[in-house]
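Worksheet for the structure shown next.
Every read-out reported here was derived from the displayed coordinates using simple, explicitly stated rules and does not represent laboratory data. Keep in mind it's a predicted model, so treat the numbers as computed, not measured. Backbone-built Cβ (ideal geometry, glycine too); neighbour counts: all protein chains shown.
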Amino acid sequence: MMKTITEPARTLPVLAETELLVVGSGPGGLSAAISAARQGVQVILLDRFGCFGGNITQVGVESIAWYRHAGTTDVEGIGIEFERLAQSYGGTQKEPQSDSQALDAESFKFVADEMITKAGVQPLLHCAAVAPILEGGAIQGVITESKSGRQAVLAKRVIDATGDADIAFRAGAPCRKTPVDEMIGATTVFSCSGVHKQRFLQYVQENPVTYKDWGKNWEMETSGKEDDLFSPYLEEPFEQARREGFIPAHLKGISGSWSTLHDTGEATYLNMIHMSGVDGTDVRHLTRAEIEGRYQARMAIKALQRYVPGFEQAKLRSFGMTLGVRDTRKIIGEYNLTGDDVRGQAAFADSIGIFPEFIDGYGLLILPTTGRYFQLPYRSLLPLQVENLLVAGRCVAGDKVSHAATRNMMCCTVTGQGAGVAAAVSIQENTSLRAVNVEHVQQALLRQGVRLA
């Protein structure tokens, strides 16, 4: 039995009051805050780190739309705006495996700053939301911890964009969590300097890799149409390192994809460390994985230096600010998406946007090269048993296969924009989130450039 203490009750100062509070600023939270502010309500965007952008800026995942190929029916709305604005600032490069732009993680920090400033969102960084404030089953805001102490932020509506459904779970909303040994692995993202770009690209050209090659170390199912498409994936050098004892044989998670190569010799977003058995809601798991991930990255860099032309003089440039976590809690919603929905082009009367048939996780990879897509229902953002609360991002309601679609960053922008606009409309029309007029929400989303069907 865990030892406990009793925390004394205390009166907390109110740090701020707002109409809408968005907790977490990844692609979902950032989209929610900006879209709600554009709809005309007062918004605070809160994040525990020193920058907005979540997985993009804090983890270093630069490929927001790597699923996009010829034939893809893509989303429309704020996620595409992120990509295009970053490109206009010179903060992107062509993504190597798709018809998309890879976002420069560092540049996107000020892209996010400018977007929230222009929208009129009130920023709150270095501030962790630690508990919901509840009154009669309705959320009224959150308790925060920061250098300013323990305080409260009050709000008429709250959007949980933490990725882990932290606020919903602590408010008592029913959630589900995949067993730890079945969770999609966590990633330590790193970047290198000192890479000879042309020598490496020549090596890639001479040793072409497709998505079919993912199956050598991973149990990977495709629909078949992905098998011959080029993938920026490195596995054979790490297999050689394991054969020669340079990397321990049991570390099968050292392999993966490269992304952006700069003329300055930098290779950013090296997604080559994958660790299973990591529960992103357990502080001891997170601590162990941060340390283990950096240890494995060091081995990966040494293997790259030894076995990959162009990386002979490579050195570590940076790690992401935190682990990349793909899979923890998901709410049980008013509607729970299914694998059949995302693979069967599901349509919903309460659609808040579309997402292509792109599934990546649990040993399944489907790329949207045939124009297929599904709609996302507003009800999947609505947790049970708690009022005044929506979720956005990878913790929306659904099963494992649907999660392998909705966890992807561009899909998180769709659920984020839907949540932000719905919250704003409910405030403006003084209705509950459950009773909000969905047609009015859809009309507002259309005015913001979202594709619903």
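Report the full-extension gain for the segment V283 to E17: residue separation times 0.36 nm, less the Cα-Cα distance, to one decimal in nm.
On the way: separation 266, 0.36 × 266 = 95.76 nm, distance 3.00 nm.
Going from the current span to full extension adds 92.8 nm.
By DSSP, what percent of the beta bridges with both residues in the chain are antiparallel, rounded to the nearest 5? Each step should come with its number before you reach the end.
Working: 45 of 67 bridges.
So the antiparallel bridges amount to about 65 percent of the total.
Sort largest first and round to whole Å: the equivalent ellipsoid semi-axes of the range 36-114, each the square root of five times a Cα gyration tensor eigenvalue.
For the range 36-114, the ellipsoid semi-axes come out as 23, 16, 11 Å.
Counting Lys +1, Arg +1, Asp -1, Glu -1, what net charge surrounds D327 among other residues with beta carbon under 14 Å of its beta carbon?
Result for the local shell: +1.
Find the eigenvalues of the gyration tensor of the Cα atoms of the range 78-120, then list the square roots of 5 times those eigenvalues as equivalent ellipsoid semi-axes, largest first, in whole angstrom.
20, 10, 7
How high is the FRET efficiency between D340 and A131 when r is their beta carbon distance and R₀ equals 35 Å, given to the nearest 0.05?
Rounded to the nearest 0.05, the efficiency is 0.45.
So what's the projected area for the range 352-398, the Cα convex hull averaged over all directions, in nm²?
4.0 nm²
Cα centroids of the range 130-179 and the range 21-79: how far apart, whole angstrom?
About 19 Å separates the Cα centre of the range 130-179 from the one of the range 21-79.
Given R₀ = 41 Å, what would the calculated FRET efficiency be for S148 paired with Q198, taking r from the Cβ atoms and rounding to 0.05?
0.20
Could you tell me what a quarter of the Cα convex hull surface of the range 1-83 works out to, in nm² with one decimal place? Mind showing how you got there, number by number?
Values: hull surface 40.2 nm².
It is 10.0 nm².
Just to confirm the number: angle between the C-alpha axis of helix 78-88 and the first principal axis of the chain, 0 to 90 degrees, nearest 10?
50 degrees
From the P(r) of the range 348-453, could you give the percentage of C-alpha pairs in the tail past 22 Å?
29 percent
Express in whole angstrom the spacing between the alpha-carbon centres of the range 252-297 and the range 385-453.
31 Å
Percent of Cα-Cα pairs more than 26 Å apart in the range 181-319, please.
24 percent
If you take the alpha carbon radius of gyration of the chain and divide it by 2.2 N^0.38 Å, what ratio comes out, to two decimals?
Cα-based Rg divided by the globular estimate yields 0.96.
Quote the charge dipole size of the chain about the Cα centre in Debye, to the nearest 20; the model charges only the Cβ of Lys and Arg (+1) and of Asp and Glu (-1).
840 debye
Could you work out the relative contact order of the range 181-319? I mean the mean sequence separation of Cα pairs under 8 Å and 6+ apart, divided by the number of residues, in percent.
About 41 percent, as a whole number.
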